[in-house]
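Quick notes on the structure that follows.
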Amino acid sequence: MLFHCGRFRLNFDQPQVMGIVNVTPDSFSDGGQFQQVDAAVHHALTLIEQGAAVLDIGGESTRPNATPVSLTEELQRVVPVIEALVARDIPVPISIDTYKPAVMQAAIAAGASIVNDVRGLQEPGALEVVAKSDAGVCIMHMQGMPQTMQLDPHYEDVVAEVKLFLQTQRDMCLAAGIAQDRIMLDPGFGFGKTRAHNIALAKALPEFSELGCPLLVGLSRKSVLGQMTGNDVDARLHASVAAAVISAMQGAHLLRVHDVKATVEALKVVAALK
Ligand code: 7PJ
């Protein structure tokens with residue numbers, strides 16, 4: 001299974017890892033812009049050394065209750081990081097984690113090869129930006145918006161509803177001229193989902209393969225793993241690796257993770273036993 005994104009081809013015959021690069025100022029508030037960019041680039045290069053097949057750059061947190069970031073601020077965070085990585089001619093595609101069409105556009109112009117959209121290209125103009133480019137796209141399902149999505153998630157049939165959404169957005173992409181081999185799908189763990197919803201979706205991953213696109217799974221350090229283990233976010237490494245391994249065995253092609261080295265190692269065992 002080959003995924004096309006810009007000048008890159010990703011081979012998903014074996015599960016691969018997408019390394020998370022957050023460009024959020026939290027720990028660099030007094031360091032200024034250069035230090036923030038420098039730290040993100042340094043982290044990204046480390047993740048490549050550790051075996052990441054894709055880097056996912058994000059400038060706005062989509063965690064529950066996160067404060068929205070202005071367009072200008074998001075652009076100022078992510079574009080310099082993408083430019084710096086492209087200037088170094090890194091061997092892996094850059095993904096931009098955003099739902100804002102203007103950020104997608106600027107990121108692609110700066111050299112990003114994948115649009116990773118937690119809103120599944122629902123923002124007006126987003127579909128057109130991707131269709132006009134040669135970038136790949138990840139369509140993710142979310143119920144509600146980050147500020148309120150965890151208040152009271154509700155589904156009649158979570159698997160059927162998420163699957164229908166992904167199928168609808170995939171068909172929308174196909175109709176806009178985005179080839180099937182540029183589209184990835186993601187059930188969106190933790191985005192407007194209770195623990196029971198997340199578990200139902202994880203068990204149903206093989207069904208999502210029927211949609212004919214590679215599957216991305218993001219469970220790394222998420223609160224559902226905290227609920228299962230009782231551990232805080234900084235102590236969810238082992239649970240995250242377990243989730244990645246099980247997801248890969250259930251048919252996930254790309255695992256979006258913070259802990260690249262541990263996950264890459266674990267997935268080598270999955271690949272060997274498949
Ligand atoms: C996901 C994401 C995910 C995709 C985030 C966090 C929240 N993009 N962006 N899938 N999660 N495609 O990492 O906890 O699950 S941000």
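Read-outs: derived from the displayed coordinates by stated rules, not from any lab. The structure presented is a predicted model; accordingly, all values stated were derived computationally and were not measured. Quick reminder, even Gly has a Cβ in these numbers, built from the backbone with ideal geometry, and neighbours come from all protein chains shown.
Which residue, I48, I183, I90, has the most motion in a Gaussian network model of the chain that connects Cα atoms within less than 10 Å?
With Cα springs under 10 Å in the chain, the top fluctuation among I48, I183, I90 is at I90.
Can you tell me which lysines have their Cα less than 21 Å from the Cα of K274? Leave out same-chain residues fewer than eight positions away.
Result set, ordered by chain and number: K203, K261.
What is the dipole size for region 2-273, taken about its Cα centre, with +1 at each Lys and Arg Cβ and -1 at each Asp and Glu Cβ, in debye to the nearest 20? Working shown, then result.
Values: 20 positive and 29 negative charges, 76 e Å.
Magnitude of the dipole: close to 360 debye.
Using bins 10 angstrom wide from zero, how does P(r) for region 157-274 break down, in % of all Cα pairs?
For region 157-274, the binned pair fractions read 14, 42, 33, 11, 1 percent.
Taking the Cβ of each residue in D152, D186 as the centre, tally the other Cβ atoms inside 10 Å and list the residues starting with the fewest.
Ascending Cβ contact count within 10 Å gives the list D152, D186.
Among bridges DSSP assigns within the chain, what percent are antiparallel (round to 5)? Intermediate results must be reported in sequence, preceding the final value.
On the way: 4 of 31 bridges.
Once the DSSP bridges in the chain are tallied, antiparallel ones form about 15 percent.
By its C-alpha gyration tensor, with a ≥ b ≥ c as the square roots of the eigenvalues, how is region 2-273 shaped: rounded for a/c under 1.5, else prolate for a/b larger than b/c, else oblate?
Taking the square roots of the gyration eigenvalues as a ≥ b ≥ c, region 2-273 is rounded.
How far is it, in nm, from the label point at K261 to the one at D38 when both lie 7 Å from their Cα along the line to the Cβ?
Going from the K261 label point to the D38 one covers 2.3 nm.
Mean separation of Cα pairs under 8 Å and 6+ residues apart, divided by the residue count of region 6-116: what relative contact order is that in percent? All intermediate terms of the calculation are to be shown ahead of the outcome.
On the way: 154 pairs, mean separation 31.7, N = 111.
With pairs under 8 Å counted, the relative contact order is 29 percent.
So which residue, out of L216, L255, L45, gets the largest mean-square fluctuation from a GNM of the chain using Cα contacts under 10 Å as springs?
Top of the fluctuation ranking is L45.
Taking the Cβ of each residue in L151, L205, L10, L55 as the centre, tally the other Cβ atoms inside 10 Å and list the residues starting with the fewest. Please report the intermediate quantities before stating the final value.
Details: L151 10, L205 19, L10 23, L55 28.
Listing L151, L205, L10, L55 from fewest to most nearby Cβ atoms yields L151, L205, L10, L55.
Compute the normalised compactness of region 1-91: alpha-carbon radius of gyration over 2.2 N^0.38 Å, N being the residue count. Intermediate results must be reported in sequence, preceding the final value.
Values: Rg = 14.4 Å, N = 91, 2.2 N^0.38 = 12.2 Å.
Here the Cα radius of gyration is 1.18 times the empirical estimate.
What's the long-distance tail for region 55-104, i.e. % of Cα pairs beyond 15 Å?
Numbers: 554 of 1225 pairs.
Roughly 45 percent, rounded to a whole number.
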